Every structure is written in C-alpha cells, then in structure tokens.
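Remarks on the structure that follows.
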Amino acid sequence: MIFDKLKKFDIVFDSPEVDCPPVYSSGDVVSGRVVLELSGESRVDSLKLHAEGFAKVHWTESRSAGSSTAYTQNYGDEVEYLNRREVLLQADNGEVTVLPAGKHEFPFSFQLPEETLVTSFEGKHGSIRYWVKVKLHRPWATVRKIKKEFTVIEPIDINTPALLAPQAGTKDKMARAWYRSFGQVSVTAKIDRKGYTPGEVIPVFAEFDNSTSRSVVPKAFIIQTQTFIARGTMKQKRSVVATLCGDIVGAKRRETWHGRAIKIPPVGPSILQCRIIKVEYMLKVCVDVPGTSKLCLELPLVIGTIPLHPFGSRTSSVSSQYSVNLEWLRMAIPEQPEPPPDYSSVVTEEEAEQRHNAVASQQAEDLSGILERPLMAFVQEFRFRPPPVYSEIDPNPQPINMRPRCMTC
C-alpha cells in the first residue's frame, strides 16, 4: 500500500530568502510545490490542492434566566477571503497513475484576490488565517491530508496625510475623596503623528498641572484593543504593550515632558478593514491621583508596516518590499526591561464598567463606525498573537520592551 511506501509528504512555498517563510499581500502570486517521496512504486488516483482564507470569531457567555435556570449563549461569525482549488495530478481517463519510487514534485501557483485582504492574526476569541491543503487519494487506502499556513500582511503606509497628522488633547478632573475636594488636575498631551511602525520611538510632549494638595504620578501607556464582533455583539480584549513612568509632580506644581520616549514593541499592525475582527492601538496618558480615580487622556495610534519615507515603491511581491520594512518581525527584545502592567492596573473597575455600558448602548448602531480607537509576532511562524497577561503564563516572565521603572512609580 502507498501508506507504507510514502516516506515524505510536504508542501514547500517558494521564497526569495532561504529559511525565511514568504509573506504575501492581495494580488500576489502564491507558488510552491508538493513533495512526495516514495520508497517503492505506488498507485495514485489524484492529488488535489485547496487554498482557503477565513476570518473567524467565537466565544460563549453564560446567561441567567432566573434563580435556578442558566444557559450558555454561543456567538460566532466568519468571513471568507480566499477559496481556490487546483488539481495537481489526475489521469484524464479516470484511471490511476503509477508513480515510481523516488522523489516527486508537483508545482502549484495561484493568485490571491486583487481586492484588499486582511492581515493574518491570532487572538483570544478569533483568528484570520490563510492556508493550503493538499489531499492524496489512493486506491483502497485512506485519503492522506496535509495543511500548511502562509502569512498575509496588508500594507499600511504611514506616509499618508491622515496618519502624519499630529494628535493632541487636553483633559482635567477635580480630585475628590468622599465629599472633600483636593483641587484640579489637568493633562495636555501631543504626539507628532498618528501612524508609527514597530520599533519606532514615540516622543510624548505633555504638561501636567497639579493644583491639588497632593502629589500625583504621570504615566503613559500603549494599549492594544482586540475587538471581536458576532451577531450584533462585541467582545473586547485590551492589553498594555508598553509603558512610560514619569516623575512625581508635587502639590501645586507643574511638570512638562519635552518629548519623553516610549518605544513600540514588536506588535502586529493595526487591523481596521475586517468586518468581524479589529486590532487597534492608543496612547493613553494618565495621572495617578491618590484617593481618587485616574485622569486619562487617549490619543489614537495606527501601527503600520511601511515606515516613514520608505525606500522604493511597492512591487508585485510583498516579500521583497518588506525586506526593509518588516524588521519589526526580527527585532531583539532589550535586556532587563520592565514588564507592562495588566490592563486592570491602568483602568479602574469603575472606568471599565462605564466603558462596558457605553459599548452596550451602541450595539444597535452600525458596527463599522463605533470602533474608532486604535499580536506578539511569532517570527518562526509569521503569525500574530496578542501580548498575553504575564500572570497567565509564567510567574517570572521575560518582560517586553520597557524603560526601567522609576523609583517613584
């Protein structure tokens, strides 16, 4: 039987670089070969290839229908981006093909759709995946299957007017504890532009005016928000991917940041064009006020793939374009940085509840317009995953890119 004679069954993608998986974009040609290695003469009915690409979301929520009744509600949806089939080996007259012992290669090639695809992604409640599946049919034998994923990255060029525009804002708050007022705290912040690429440093210009009778602590965070949408309902996961800690601002004092640096770690690009999955980023400048809730100012960010003033223009192969621009996939993590805090340490329970209620009240509106706020990349597999909460993995994790914690934070 061919099952016993099949020594190797593999899919190999053509790549311009040795030992470097290719990266594709919409309109690119995906090519490669299916490799069969046989220890003896074997009979084959057919060898068929199926290329697919889907965005899928799924999660469950527990519901209560009374004191003694409970049930689980399932939410799920999917969007198809690719569906191509190709026959690599099959006799025209329907008879079997006899393959001699040795190595056999069957080339394949297909073009990705010209319309914009969505960047590959792996999240807690959903994923965006592209793969090639090959089935080997033999007489009187079980069908052998093999599946191999490939990566799609849709370019986001930050050299556009919308992403080069400065982002700024001002916010103030009266610091109170119970019925006592301690005075007002205000924060004004600005960044040079909205679009950045992984590895870049964002200079934060900010002014903190502390008119209270207590000292306050300014901080800044880069936050990633993953949004999953199904059946008119949303599920969100937020993670802090970078943090910046400032010096204490004493009572009745003012502190100014003249371009304090916060570096973007090797996260995946923003995903804004998918109907059911979005990945967005924001810069959050906060002031910790003892005895009361935080004062936070949010500035939207877009994490792109084509850096400022890129070299050359886009070619037919996104792999060649990203020879310079995908350095974020290979960036080394600096030594001894500070791990980012959990999202719960940045946002209080009160703020989280207010945000949840605000989101729930908007579910009846057009979902494409309600998400206006802006994955660690696995270098080996070129698949993006969200930066996990460290406590979920290891009590002594290796931290991601951070500046050392100041003594006052």
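Just a few scattered comments:
- A dipole drawn for the range 222-283 from +1 and -1 charges on Cβ atoms has a positive end, and of 229, 265, 243 the residue lying farthest that way is 229.
- Residue 184 long-range amide H proximity, modeled H, under 5 Å: 175, 211, 212
- In straight-distance terms, cross-link reach from residue 133 covers every one of the lysines whose alpha-carbon lies under 25 Å from its own, apart from those fewer than eight places away in the same chain; here that gives 5, 7, 8, 48, 56, 103, 124, 145, 147, 148.
- Estimated inter-spin distance, residue 59 and residue 133, nm [label 7 Å along Cα→Cβ]: 2.7 nm
- Anisotropy class of the range 175-276 from Cα gyration tensor, a/c 1.5 cut: oblate
- Tensor-based shape of the range 26-152 (alpha-carbon gyration tensor, a/c under 1.5 rounded, otherwise prolate or oblate): prolate
- Charge tally in the Cβ shell below 15 Å around residue 164, where Lys, Arg are +1 and Asp, Glu are -1, residue 164 excluded: 0
- Net length gained if the chain between residue 96 and residue 110 were fully extended (0.36 nm per residue, minus Cα distance): 2.5 nm
- Most to least packed among 53-63, 278-288, 30-40 [average Cβ atoms within 10 Å]: 278-288, 30-40, 53-63
- Mean-position separation - Cα centroids, the range 151-173 and the range 78-150, in angstrom: 38 Å
- Nitroxide proxy distance, nm - points 7 Å out along Cα→Cβ at residue 309 and residue 17: 2.4 nm
- Anisotropy class of the range 1-40 from Cα gyration tensor, a/c 1.5 cut: prolate
- Derived scalar couplings ³J(HN,Hα) [the range 29-43; Karplus, 6.51 cos²θ - 1.76 cosθ + 1.60; whole Hz; x for Gly, Pro]: 9, 9, 9, x, 8, 9, 10, 10, 10, 10, 8, x, 4, 9, 9
- Ordering 186, 102, 160 by Cα displacement along the dipole of the range 79-203 toward the positive end leaves 186 in first place; charges were set at the Cβ atoms of Lys, Arg (+1) and Asp, Glu (-1).
- Pair residue 71, residue 258: separation of 7 Å Cα→Cβ label points (nm): 6.5 nm
- Placing +1 on the Cβ of every Lys and Arg and -1 on the Cβ of every Asp and Glu, with no other charges, gives the range 110-229 a dipole of roughly 860 debye about its Cα centre.
- Amide proton proximity set for residue 150, modelled H, under 5 Å, gap of 5+: 130, 131, 132
- Estimated FRET transfer efficiency (residue 165, residue 142; beta-carbon r; R0 60 Å; 0.05): 0.55
Read-outs throughout are calculated quantities, based only on the coordinates presented, and are distinct from any laboratory measurement. Since the structure is predicted, the reported quantities are computational estimates derived from the model, not experimental observations. For neighbour counting, all protein chains shown are included, and Cβ atoms are generated from backbone atoms with ideal geometry for every residue, glycine included.
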